[in-house]
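First up is the structure itself, then whatever we jot down about it.
Taken together, the values in this text are just the output of simple stated rules run on the coordinates, not laboratory data. Model, not experiment: these values are computed from the prediction. Here Cβ is always computed from backbone atoms with ideal geometry, including for glycine, and neighbour counts include all displayed protein chains.
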C-alpha cells in the first residue's frame, strides 16, 4: 500500500483504516471532537507528528467550514487522494449523523412527556453555558491587546445585540481585523 | 451518503431552499460551526419560519446530547424541516462546498505557510471568532432560557466549566437529570 514518493512515511494508511479511524473519532466526543482527532492521529495510530497535526489543525480552522471535517479532508487526501478524503469524512460523519437522527426521532415520540421536555430544556441551558465558557476561554489570551478587544466587542454587538446578518458583519470586521493584525505586526518589526 | 439528487422536477422546493440556505452558510463558518448558530437561528426561525424558538432550542439540545461534531444541529434542523432527506440535504450543503474548497487549498497551502499576509489573516480572524462565539452564547441563552432557573443553569455551567476540568458531558447529564426531576 505504500506510495513511491520521496516525501517520508505517511504511506500505508488504507482507505479502510481512514474510514474506521475517523469513525472512532466521530463517536468519541460530545460538543466537538477535535481533541479526539488529535489523540487518534498522533498518539494512537501515529499517522502524523504533533507538529504536523498542529499545522493541519490551524489550516482547518483558517479555512471556512466545519473544522473537524476539514481535518478529515486534509488527512484523507494526504494518504489516499480524493478517495481518502471521502473515506475519512464519511467515516467521521456517518455514525453521528445516524445517532443524532435516532435521538431526534426518539425525542419527537416522547416530547409529550413533561419530564422529557424539561430534561431537554435543561440540557440546552447547560450546553449554552459550555459555549459561553468556551468563548470566555478563547477571549482570555486576547485581553492584552486593545484592538483585539475592540474587534471582539464589535463582533459580539453586531451579532448578539443588533442581530445583523453574519455576511455583512464578516465583510466589515474580517478585513478590519486583518488590517489591524498586519499593522501591529508591522509596528513590532520597526 | 454523497449521492446527489439530480432530477429537478422531483425535488421539493423546501429541499432546494435548505440546500441554498446552508450551502451559503458554510462559507461563513470561519471559526467552526459554533460561530454560525446565531445566523442559523436568524434564517431558520426569523426569516424562513421553519422552526419556532422552542424547536430551535430542542434541536440544539439534541445535537449537543449526541456524540460527534457540533455541526449536527444542522442535521436536526434539516430533519425537523423535511425528515431524513431534509437532514441529508442540510448536512451535505453545509459540508460539501467547503470540503471541496479545503481539498483544493490544502494542496497549495505549504507554499504560503510563512507568508506575512497569511499570518495576519490568521491572527486577525481570531478576535472575530471569539466575538462570534460569545454572541452564540448570548443568542442561545435568549432562545433557550425561559426562566430564571434556566439562566442559572447556564451561568453555573459556564462558571464550573471555566473553573474546573470536569468533562463537559457530565454537565449535560446532570442538567438532564435535574430537568427531568422538575428542577426547572
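With coordinates expressed along the principal axes, the C-alpha atoms belonging to chain A extend over 65, 53, 27 Å, beginning with the largest.
When the helices of chain A are scored as -39500 (n - 2.57) per DSSP H run of n ≥ 4 and the total is divided over every residue, the value at 222 nm lands at -24500 deg cm²/dmol.
Calculated mean residue ellipticity, 222 nm, chain B: -23000 deg cm²/dmol, from DSSP H runs (n ≥ 4) at -39500 (n - 2.57) each, averaged per residue and rounded to 500. Residues of region A:28-72 with an amide N closer than 19 Å to a point placed 7 Å from the Cα of residue B:107 along the Cα-to-Cβ direction: A:56, A:59-60, A:63-64, A:70-72. Centroid-to-centroid, using Cα positions, region A:19-94 and region B:120-138 are 23 Å apart. Kirkwood hydrodynamic radius computed over chain B comes to 18.4 Å, based on all pairs of distinct alpha carbons. Calculated on the alpha-carbon coordinates, the convex hull of the protein assembly as shown measures out at 144 cubic angstrom per residue. Placing a pseudo-label 7 Å from each Cα along the Cα-to-Cβ vector at residue A:46 and residue B:122 gives an inter-label distance of 2.7 nm.
Taking label positions 7 Å along the Cα-Cβ direction at both residue B:11 and residue B:156, the computed distance is 4.8 nm, reported to one decimal.
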